[in-house]
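K.L.:
What follows is a single structure, and I will ask about it in a moment.
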Amino acid sequence: MKTYLHMRVTSLVAATLMGLSGVCVGNVAFAATPKASAQLQTSKCDSIGGWTATSKANVRRGPGLDYAITGTVRNGGCVVATNWFYDSRGVLWIYKTSGTPGWVSTRNLR
């Protein structure tokens, strides 16, 4: 599923950049606008199989809201998952080891 999502996001970024007079080759995009630069960052994260934070995301000790917050991922930050867990509400949590290790809800990621 992540591979399919990766292909869909990459295609969307490419189409958007083309509409902004940018150029996209494979997963690498080149454009002159600030919006396109933000999309380029997202494209780079997608190319390594990562998730991009759509807003500040809390990093927690465990996969759920009941666990303590140990850090944050900034808006636009890239998160590469090393483990997955669905909580009782059906929310997907991913475990990251870079920066502050811990669990991040995918509700704040794309």
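K.L.:
Being buried (at least 16 other Cβ atoms within 10 Å of the Cβ), touching a residue at least 40 places away in the same chain (Cβ under 8 Å) and more than 13 Å from residue 50 (Cα to Cα) is the filter here; which residues of the stretch 87-107 pass it?
P.N.:
Passing the criteria: 102, 103, 105.
K.L.:
Here are some conditions: (1) assigned to a strand (DSSP E or B); (2) under 18 Å from residue 44 (Cα atoms). Residue 84 meets all but one. Which one does it not meet?
P.N.:
(2)
K.L.:
Shifting gears a bit: Being out of contact with any helix residue (DSSP H, G or I) (no Cβ under 7 Å at 6 or more places or on another chain), in a loop (DSSP other than H, G, I, E, B) and either at pLDDT 90 or above or hydrophobic (A, V, I, L, M, F, W, C) (or both) is true for just one of 71, 64. Which residue is that?
P.N.:
Values: 71 fails: in a loop (DSSP other than H, G, I, E, B).
Answer to the selection: 64.
K.L.:
Right, something else. If I filter the stretch 47-57 down to residues being part of a loop (DSSP other than H, G, I, E, B) and small (Gly, Ala, Ser), which single residue comes out as surrounded by the most Cβ atoms within 10 Å (Cβ to Cβ)? Please lay out each step first, then the result.
P.N.:
We begin by selecting, within the stretch 47-57, every residue part of a loop (DSSP other than H, G, I, E, B); these are 48-50, 54-56.
Going one step further and asking which of them are small (Gly, Ala, Ser), we end up with 49-50, 55.
Values: 49: 12, 50: 21, 55: 11.
Selected residue: 50.
K.L.:
From the set of residues in the stretch 58-82 that are surrounded by 17 or more Cβ atoms within 10 Å (Cβ to Cβ) and touching a residue at least 40 places away in the same chain (Cβ under 8 Å), which is nearest to residue 99 (Cα to Cα)?
P.N.:
59
The values are calculated or read from the model by the stated rules, or taken from the named source; none is laboratory data. All values reported here derive from a predicted model rather than from experimental measurement. All Cβ positions, even for glycine, are placed from backbone atoms using ideal geometry, and neighbour counts span all protein chains on display.
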